[in-house]
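Okay, structure first, notes after.
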Amino acid sequence: MSFFISDAMAQAAPAADPIGGLGGLVLPIGLIVILYFFMIRPQIKRQKEQKKMVDALSKGDEVQTEGGMMGKITNMGDNFILLEVAEGVEVKVRRQAVATVMPKGTLKEL
């Protein structure tokens, strides 16, 4: 009946890790550091630039929204702006929806 059960063999003791228990943590820690410098840090920088641009908006600026709509700011509130997209046509959008501030006179060229 011993053909159903294999014989247990003793294994040699594992070799001592020269670094200690930290050898297995080097790769995950290295990946986290690389992830921080290539993904997280640039994203934080872009968020700061976006917030600075939104805070600097003023009445009369020509802007483009994230949806692609371009217009001139006619009125501003704390969270919303009125954007004139054509003569007599105003649209209310969130301040954070502004993607870029266009150079003066851009709307006249369109």
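One residue stands out among those in segment 83-98 that are without any contact (Cβ under 8 Å) to a residue 12 or more places away in the chain and out of contact with any Gly (no Cβ under 9 Å at 6 or more places or on another chain): the one that is nearest to LYS108 (Cα to Cα), which is GLU87. Taking each residue of segment 47-75 that is under 11 Å from VAL101 (Cβ atoms) and small (Gly, Ala, Ser) and looking for partners that are modelled with pLDDT of 95 or more and not in a loop (DSSP other than H, G, I, E, B) with beta-carbon atoms closer than 6 Å, six or more apart or interchain, yields nothing.
May I ask you to list the residues in segment 76-110 that are farther than 26 Å from GLN47 by Cβ and assigned to a strand (DSSP E or B)? Before you say what the answer is, go through the steps one by one.
Here is the first cut: in segment 76-110, the ones farther than 26 Å from GLN47 by Cβ are 84-90, 104-105, 107-110.
Selection gives GLU84, VAL85, ALA86, VAL89, GLU90.
With respect to GLY68, determine if the residue is over 21 Å from the mean Cα position of the chain (by Cα), in a loop (DSSP other than H, G, I, E, B) and of a type outside the set (A, V, I, L, M). Criteria not met by GLY68. Here is the figure for segment 25-58: residues that are surrounded by 10 or more Cβ atoms within 10 Å (Cβ to Cβ) and modelled with pLDDT under 90 total 2.
Taking the conditions (1) of a type in the set (Val, Ile, Thr); (2) in contact with a Leu (Cβ under 8 Å, 6 or more places away or on another chain); (3) modelled with pLDDT under 90 in turn, THR106 satisfies each one other than (2).
The values are calculated or read from the model by the stated rules, or taken from the named source; none is laboratory data. Predicted, not measured: the structure shown is a model, and the values here were computed from it. Reconstructed Cβ throughout: ideal geometry from the backbone, glycine too, with neighbour counts over all protein chains shown.
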